[in-house]
Amino acid sequence: MRLCRLAVRGFRNLADLDRELPAAGVALLGANAQGKTSLLEAVYYPVLFRSFRGAPDQEVARFGGPGFRVEVQLEGGAVQELGATWTAVGRRKRVVVDGREPGRVAEAVGGWLAVSFLPDDVGLATGAAAERRGYLDRLLSLTDRRYLSALARYRAALAQRNSALRQGRPDLAQAFDAPLATAGAEIVGKRTAWAAHAADRFAAELECLGERAGTRLRYRGGEGLAERSAWDPALRAALPRDRARGTTTIGPHRDDLVLEVGGKALREFGSNGQQRGAAVALKLIELAGLRDARGTEPALLLDDVFAAFDRERQRRLAHRLLDTPERQVFLTAPRPDELPPGLVLPVWRVEAGKVIP
Ligand SMILES: Nc1ncnc2c1ncn2[C@@H]1O[C@H](COP(=O)(O)OP(=O)(O)OP(=O)(O)O)[C@@H](O)[C@H]1O
Ligand SMILES: [Mg+2]
């Protein structure tokens, strides 16, 4: 699926624009603070109808402006046009899908598919376990509705159970054991199944990037908690600790995805380039999952991804990014010499918010 036209008004520092976009995508070049990330943010906005940085809409609107508007024309998917208007007065967001306004913004999500890699996403490899759990939850929720439902049930049961533990009411806490266990077993089961499948893909992606040391990806969680029957004894055994700490100490909300290079934990011992490579590999796996679930190739948005890589890895990554002709790629770099050799994408310059093909 492709973005063929983008029209933006009042969006961050970008000058108002209305442009056709090349089918292959575009490499955005420009000095710092010119608007490269802002343009990627505008391209991504109609994916979730919010900022990919998680910024609130009032921060996306141009400083002191009345609001912003993003319109896109698409091809290769079920939807042809998406539009979003955010108005500062009343802080209202209006979303339009092919000329019609859905009841809720969530109903418009899915018309335009893209996966973004931002500088902070290296946290997938270097950050706390919560980042990787978030990755798993996002990925599995997108591709499996039953996972999403199990996650909602698990979170509700966990919140109630923890609240009872905090109040010193273990009897009340145990009332939530059954829903916690049922949803928890489903989550752990689906996560472990995913990890077993993704381990080879992770290794292959890193090898493709030029990583010579062996790599591993595995799910680390409570022993056997993918089985519903393992939960009752595990919760019983953990209860004294749960009571003392006032929180549930076992379950998928404590688990992690362990990444290793050369037999060592990537988070503690990986080099900067290795960690960034692993984070990019996870994003490429996310992209493949989305493609398989939706039957169309999502776009890939990469903000400043090449800087940490040596020439060889840059070249390999460029090759990997462009190896799928249906994939539209948008990327940014501050200097032309940071663009890897062999990257054949139209180059646009971004200067003081203006986009110059
Ligand atoms: N809501 C806003 N309204 C106007 N300008 C904004 C807004 N938010 C951010 N800016 C400014 O827009 C400019 C461009 O930011 P952007 O992040 O797009 O730069 P960039 O080209 O990606 O730079 P870098 O190479 O440093 O990442 C910055 O000076 C930033 O302060
Ligand atoms: Mg930037």
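Since every read-out is calculated from the coordinates, none of them should be taken as a lab result. None of the values given here were measured: they were computed from a predicted structure. Cβ sites come from the backbone with ideal geometry, for glycine too, and all protein chains shown count toward neighbours.
Worth pointing out:
- Three semi-axes describe the equivalent ellipsoid of the chain; taken as square roots of 5 times the Cα gyration tensor eigenvalues and ordered largest first, they are 38, 27, 18 Å.
- Ranking of 143, 249 by count of other Cβ atoms within 10 Å, fewest first: 249, 143
- HN-Hα J in Hz across region 196-201 - Karplus 6.51, -1.76, 1.60, θ = phi - 60°, x for Gly and Pro: 4, 7, 7, 4, 5, 5
- C-alpha long axis of helix 129-143 to longest principal axis of the chain, angle in °: 70
- Over the Cα atoms of region 253-352, the radius of gyration divided by the Kirkwood radius equals 1.00; this is the Rg/Rh ratio.
- Estimated distance in nm for a label pair at residue 335 and residue 23, the labels positioned 7 Å out from Cα along Cα-to-Cβ: 3.5
- Length-normalised contact order of region 129-269 in % [C-alpha pairs under 8 Å, at least 6 apart]: 29
- Region 61-215 - Kirkwood radius from inverse mean 1/r over Cα pairs (Å): 19.8
- Helix-only [θ]222 nm of the chain, DSSP H runs n ≥ 4, -39500 (n - 2.57) each, per residue, nearest 500: -13500 deg cm²/dmol
- Pair residue 247, residue 264: separation of 7 Å Cα→Cβ label points (nm): 3.0
- Shape analysis of region 129-269 yields a ratio of the Cα radius of gyration to the Kirkwood radius, Rg/Rh, of 1.04.
- Whole-angstrom gap from region 133-158 to region 216-239, using each part's C-alpha centre: 17
- Residue pairs, from the table 36/264; 36/283; 36/190, whose Cα atoms sit over 29 Å apart: 36/264; 36/190
- The chain - percent relative contact order, Cα under 8 Å, separation 6 or more: 25
- Computed from backbone phi with θ = phi - 60° and the Karplus coefficients 6.51, -1.76 and 1.60, the 3J(HN,Hα) list for region 302-307 is 10, 9, 6, 8, 7, 3 Hz; x is used for glycine and proline.
- A straight line joining the Cα centroids of region 9-77 and region 331-356 runs 16 Å.
- Put a dot 7 Å past the Cα of residue 196, heading toward its Cβ, do the same for residue 146, and the two dots end up 1.5 nm apart.
- Take the Cβ atoms of residue 344 and residue 207, set R0 to 22 Å, and the FRET efficiency comes out at 0.40.
- Residue list for region 168-184, given a label point 7 angstrom along the Cα-to-Cβ vector of residue 228 and an amide N cut-off under 12 Å: 178-184
- Over region 1-134, the fraction of Cα-Cα pairs per 10 Å bin, rounded to whole percents and listed from the shortest bin up, is 11, 41, 34, 13, 0.
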